[in-house]
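Only one structure is covered here, and it is reproduced in the block below.
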Amino acid sequence: MKGAKNPVEHRPSTSDNEISQKQMYKTNILLGLFVAMLVTANLIGTKITQVWILNFSVGIFAFPITFMITDVIAEVYGKKKSMEFVKIGFFSLIVVLMITALSVWLPFAERSFVQGEYTKVFGTTMRIFLASIIAFSMSQTHDVWAFHFWKKATKGQFLWLRNNLSTISSQFIDTVIFMFIAFYGISPKFTVAYMFTLIIPYWLLKVAVALFDTPLVYAGVWWLKKD
């Protein structure tokens with residue numbers, strides 16, 4: 001019927017003092033998953049895989065989930081709560097970076113059997129971790145802002161549109177910042193022009209993932225609001 005409203009899209013956001021014990025438990029599950037996916041994306045992201053003609057980091061299986069979770073939290077609880085997730089994720093990455101740096105710096109015992117491999121894997125991860133922290137904080141902050149900008153512009157309607165507009169633009173910011181900090185200048189080949197030949201296909205792949213996870217955002221909002 002024309003003018004009918006989707007109950008998922010138009011139910012008011014839940015304030016912090018209205019969160020039930022069950023909702024708090026669900027929120028904590030999402031927070032744990034958010035941090036887990038964030039750290040996982042950084043730990044496994046150095047591996048490049050190939051599927052058909054596409055080459056991409058395996059981190060793409062984990063990182064987009066973080067945008068999906070913040071959109072679900074933003075829809076249900078509002079901007080303040082979603083920014084709490086971003087801040088917790090940021091400090092989690094800082095802690096992981098510090099512990100990783102300390103672990104790489106400490107000398108190996110003679111009995112250690114992964115000396116060269118350990119330093120090669122986790123040592124090269126340091127620049128990528130730094131790039132990820134900066135890209136994550138800027139793109140996720142933009143994602144939260146953009147989601148609420150479009151929520152206000154659409155008067156709380158069209159969750160699918162708000163989710164995709166905020167995520168797609170934020171993923172572009174994330175991809176550009178991360179790729180330039182992590183890889184620009186590592187060899188003469190990595191010029192600005194060459195960087196964008198890497199950025200655009202990778203971003204388009206992220207866009208495809210974002211479009212695919214739209215039903216999951218609806219499901220997440222429904223699940224989190226359900227008593």
Residue in the stretch 124-147 that is more than 20 Å from the chain's Cα centre (by Cα) and under 21 Å from ILE60 (Cβ atoms) present: yes
Every residue from the stretch 19-71 that is among the charged types (D, E, K, R) and assigned to a helix (DSSP H, G or I): LYS22, LYS26, ASP71
Given (1) touching a residue at least 40 places away in the same chain (Cβ under 8 Å); (2) surrounded by fewer than 12 Cβ atoms within 10 Å (Cβ to Cβ), index of the condition GLY116 fails: (1)
Residue in the stretch 99-106 that is under 28 Å from TYR218 (Cα atoms), β-branched (Val, Ile, Thr) and surrounded by 16 or more Cβ atoms within 10 Å (Cβ to Cβ) present: no
Residue count for the stretch 93-146, restricted to those that are touching a Phe, Trp or Tyr at 6+ places or on another chain (Cβ under 9 Å), at pLDDT below 80 and of a type in the set (Ser, Thr, Tyr): 3
Subset of the stretch 132-160 (residues that are touching a Gly at 6+ places or on another chain (Cβ under 8 Å) and among the hydroxyl-bearing types (Ser, Thr, Tyr)): SER132
Matching residues in the stretch 214-227 - criterion: being outside any helix (DSSP H, G or I) and either in contact with a helix residue (DSSP H, G or I) (Cβ under 7 Å, 6 or more places away or on another chain) or at pLDDT 90 or above (or both): ASP227
Test result for ILE173, in contact with a helix residue (DSSP H, G or I) (Cβ under 6 Å, 6 or more places away or on another chain), β-branched (Val, Ile, Thr) and buried (at least 18 other Cβ atoms within 10 Å of the Cβ): yes
Every pair of residues 6+ apart whose Cβ atoms lie under 8 Å, when the first sits in the stretch 194-213 and is under 12 Å from PHE67 (Cα atoms) while the second is of a type in the set (A, V, I, L, M) and modelled with pLDDT under 85: LYS206/ILE60; VAL209/ILE60
Selection from the stretch 172-206 of residues that are over 25 Å from VAL51 (Cβ atoms) and not hydrophobic (A, V, I, L, M, F, W, C): TYR184, GLY185, SER187, PRO188, THR191
Residue within the stretch 46-68 that is surrounded by fewer than 14 Cβ atoms within 10 Å (Cβ to Cβ), in contact (Cβ under 8 Å) with a residue 60 or more places away in the chain and farther than 25 Å from PHE212 by Cβ present: no
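With LEU211, LEU205, LEU165 as the choices, which residue is hydrophobic (A, V, I, L, M, F, W, C), assigned to a helix (DSSP H, G or I) and modelled with pLDDT of 90 or more? Break it down into steps so the answer makes sense when it comes.
Numbers: LEU211 fails: modelled with pLDDT of 90 or more; LEU205 fails: modelled with pLDDT of 90 or more.
Result: LEU165 is the single residue among LEU211, LEU205, LEU165 that is hydrophobic (A, V, I, L, M, F, W, C), assigned to a helix (DSSP H, G or I) and modelled with pLDDT of 90 or more.
The values are calculated or read from the model by the stated rules, or taken from the named source; none is laboratory data. Everything numeric in this text was worked out from a predicted model, so none of it was measured. Counting neighbours? That spans all protein chains shown, and the Cβs are built from the backbone with ideal geometry, glycine included.
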